[in-house]
Amino acid sequence: MIKYTEVLGQRIRIGNFPTPFQQLSRLGSKYGIPSLWIKRDDLTDVGLGGNKIRKLEFHLCAALDAGADTLLTFGGPQTNHGRLTAAVAARYGLKSILVLDGEAPERLSGNLILDQFLEADLRFVADRHKRTYVEEIIAEYEEAGHKVFVIPMGGSNALGTLGYVLMMVELAEQIKTSGITPTHLFVAAGSGGTLAGIALGAKLVGLDQLQIRGIPVIPAENINLPERTLQFIQQAAELLGRNDIIASEQDFVLDYGPATEPYTGLGYNIPDDKTYSALKTFAITEAIFLDPCYTGKAARAFLDFLAQEATADDTAIFIHTGGTPGLWADVHLEYLNK
């Protein structure tokens, strides 16, 4: 067990932890791989749950220490991180600002409905220069007497990465209790912080032999995910005082899938048949609902692995990072109703 209580203790306990660790028995029967497991980080409790709660525990603590009364963060219109930032703000009596890409939609759907319930201040960037626009918003709030704390996209930085270091501590205990020896772990990878925390955490809890596969949900040309992930691993290790740890590309695998039909699909949060096929497989075998933007893409990679690579001796873990409200975004409702 790692002992960095001073650093890892600098958080506000928000989520309902530990989240369940369950065997995927029917999915295992379907593919002939008996030892398949899922970590249910969709059940972190607050604001319909999701992985960002683990990161927000650290960000909220830092915001309150700084005397902030307003949380500002970024994302696409259906950002799960934005929803959960607004939920955490509401629970702790803070204001929230979500700076969202693109134009404001004609009507709200999916996460945007929930953002409105939470009284988040939704600011759409449209054709503005984002950095300048954010500076204007902060100045507006400060002139009104508020103090704004800025949280990066996805909550992903060295501080947010610590949330998933702790998840690996939690998971290591559940693995021990279950009496299994995992060989593979699959997780959706967006802004890099979750993957970085898992990779660093695996080193710290003695799961070095676990092959960690991050499944990118954003096309490679739109984000330098390898560089971001390595940077977060290194910086988080330094926060923990582990200057002996050197992050390397051997710590994880980024699996983009077939070149002709990559796991990222047609683009970020754009519906595609193969992702929805993976969602349906999880639903019909285990009655577990995934989302089409993140976990659905990771599930497609997971199912390909089961069908093409895995043997009966493998023990594979799927991390459910949440995001289910995205199913009710207009773009997906229109696709599903065709």
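Go through region 322-335 and give me each residue that's more than 27 Å from ASP45 (Cα to Cα) and in contact (Cβ under 8 Å) with a residue 40 or more places away in the chain. Please lay out each step first, then the result.
Residues of region 322-335 more than 27 Å from ASP45 (Cα to Cα): 334-335.
Of everything in region 322-335, just one residue is more than 27 Å from ASP45 (Cα to Cα) and in contact (Cβ under 8 Å) with a residue 40 or more places away in the chain, namely TYR335.
From (1) surrounded by fewer than 24 Cβ atoms within 10 Å (Cβ to Cβ); (2) over 27 Å from LEU171 (Cβ atoms); (3) touching a Lys or Arg at 6+ places or on another chain (Cβ under 9 Å), pick out the condition that doesn't hold for GLU103.
Result: GLU103 fails condition (3) only.
Mind listing whichever residues of region 127-178 are small (Gly, Ala, Ser), over 14 Å from LEU195 (Cα atoms) and out of contact with any strand residue (DSSP E or B) (no Cβ under 8 Å at 6 or more places or on another chain)? Before you say what the answer is, go through the steps one by one.
Initial filter on region 127-178 (small (Gly, Ala, Ser)): 139, 144-145, 154-156, 158, 160, 163, 172, 178.
Remaining after also requiring over 14 Å from LEU195 (Cα atoms): 139, 144-145, 172, 178.
ALA139, ALA144, GLY145, ALA172 - these are the residues of region 127-178 that are small (Gly, Ala, Ser), over 14 Å from LEU195 (Cα atoms) and out of contact with any strand residue (DSSP E or B) (no Cβ under 8 Å at 6 or more places or on another chain).
Which is crowded, with 16+ Cβ neighbours inside 10 Å, at pLDDT below 95 and either in the same structural domain as ALA312 (by TED's automatic domain parsing) or of a type in the set (Val, Ile, Thr) (or both), of ILE33, ILE14, ILE2, ILE38?
Working: ILE33 fails: at pLDDT below 95; ILE14 fails: at pLDDT below 95; ILE38 fails: at pLDDT below 95.
So the residue among ILE33, ILE14, ILE2, ILE38 that is crowded, with 16+ Cβ neighbours inside 10 Å, at pLDDT below 95 and either in the same structural domain as ALA312 (by TED's automatic domain parsing) or of a type in the set (Val, Ile, Thr) (or both) is ILE2.
Between a first residue in region 22-33 that is on the phi > 0 side of the Ramachandran plot and a second residue that is not β-branched (Val, Ile, Thr), which pairs have beta carbons less than 9 Å apart while being 6 or more apart in sequence or on different chains?
GLY32/LEU306; GLY32/ALA310; GLY32/ALA312
Consider LEU60 against the criteria (1) buried (at least 20 other Cβ atoms within 10 Å of the Cβ); (2) in contact with a Ser or Thr (Cβ under 6 Å, 6 or more places away or on another chain): it satisfies all of them except one. Which criterion is unmet?
(2)
Please specify each residue of region 223-233 satisfying the condition of being polar (S, T, N, Q) and surrounded by 20 or more Cβ atoms within 10 Å (Cβ to Cβ).
Here is the first cut: in region 223-233, the ones polar (S, T, N, Q) are 224, 229, 231.
Listed by number, the list holds a single entry, THR229.
When you look at LEU98, is it touching a helix residue (DSSP H, G or I) at 6+ places or on another chain (Cβ under 8 Å) and either of a type outside the set (Phe, Trp, Tyr) or not in a helix (DSSP H, G or I) (or both), yes or no?
So LEU98 passes the test.
Could you please let me know if ASP69 is more than 27 Å from VAL331 (Cα to Cα), among the acidic types (Asp, Glu) and touching a His at 6+ places or on another chain (Cβ under 8 Å)? If you could, list the steps in order and put the result at the bottom.
Details: more than 27 Å from VAL331 (Cα to Cα): yes; among the acidic types (Asp, Glu): yes; touching a His at 6+ places or on another chain (Cβ under 8 Å): yes.
Spelling it out, ASP69 is indeed more than 27 Å from VAL331 (Cα to Cα), among the acidic types (Asp, Glu) and touching a His at 6+ places or on another chain (Cβ under 8 Å).
For region 296-313, indicate whether the set of residues that are out of contact with any helix residue (DSSP H, G or I) (no Cβ under 7 Å at 6 or more places or on another chain), under 25 Å from GLY154 (Cα atoms), crowded, with 24+ Cβ neighbours inside 10 Å and at pLDDT 95 or above is non-empty.
yes
The values are calculated or read from the model by the stated rules, or taken from the named source; none is laboratory data. All values derive from a computational prediction rather than experimental measurement. Note: ideal-geometry Cβ built from the backbone for every residue, glycine included; neighbour counts use all protein chains shown.
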